[in-house]
Every structure is written in structure tokens, then in C-alpha cells.
Amino acid sequence: MYKSIEAEFSRRGLLLEKVGIRNINLPTSVKEAIEEKINAEQASQKMKFVLDKERQEADRKRVEAQGISDYQRIITASLSDKLLQYEMIKAQKELAASNNAKIVVLGKNTPLLLSQ
């Protein structure tokens, strides 16, 4: 388009520096194709965002699971029968002091709670 106009100007002794184009009316099929392409690009970007978000969530869950695993490993290494017995006695004292528990019968493994 520029070359065509430039040739016409040069025949008349004029120098064309630039051409400004405004208000181009594209055929409906071209407009629809452009809109489809834009929509497809936006859908693609949205999917990339969703995938990135899901990867971050998976990483977060992986870190959380590793923390829980470490915690359980540490606790398991420090547990002994005496410690468990001590913790059971503490829990039974708390239950006995509770307003809801009226009678606590100490058993070999677990307490038996009787309420009114």
C-alpha cells in the first residue's frame, strides 16, 4: 500500500514520508478469526496459571507431609512405655478433675469413666 501511494506521489513530484491508516473495516470472518485467536490465547494463559497454582499447592502439601513425617519420626524415637504410662496418668488426673467425669476407674490400659 505504501509503495503504491509513494509511486503515485513521485509521479507528481511529491515525497511521501509516512502513511496513516485509520478506520479499517475488516470482513466479519477475519474479525471472528482474530477474536477466536485472542480467546484461545487467554484460555491458554488461564490454564498455565491454574497449572502453576496447582504445582505450588502440591509443593506446599509435600513440605507439610515432610514436616509431619519428621515430627512423627522424632516422637516415635522418644516414646517409651514409662513415658506413655506417665502421659496416661496425667490424662486420668485431668479427667478426674473435670466437671463431667464423676468416677474414674483406673485399668491396666485405659481408664473407665462413669458419669451420673
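The values are calculated or read from the model by the stated rules, or taken from the named source; none is laboratory data. Keep in mind that this is a model prediction, so the values were computed, not measured. Methodologically, a virtual Cβ is constructed for each residue, glycine included, from the backbone with ideal geometry; neighbour enumeration extends over all protein chains shown.
Tabulated data
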item: Residue identified as at pLDDT 95 or above, assigned to a helix (DSSP H, G or I), of a type in the set (D, E, K, R) and more than 26 Å from M1 (Cβ to Cβ) among R73, R62; result: R62
item: Hits in the range 20-56 (condition: assigned to a loop (DSSP other than H, G, I, E, B) and either exposed (fewer than 10 other Cβ atoms within 10 Å of the Cβ) or among the small types (G, A, S) (or both)); result: G20, I21, R22, N23, I24, N25, P27
item: Of all residues in the range 86-97 being surrounded by 10 or more Cβ atoms within 10 Å (Cβ to Cβ) and either polar (S, T, N, Q) or modelled with pLDDT under 80 (or both), the one that is farthest from the chain's Cα centre (by Cα); result: A96
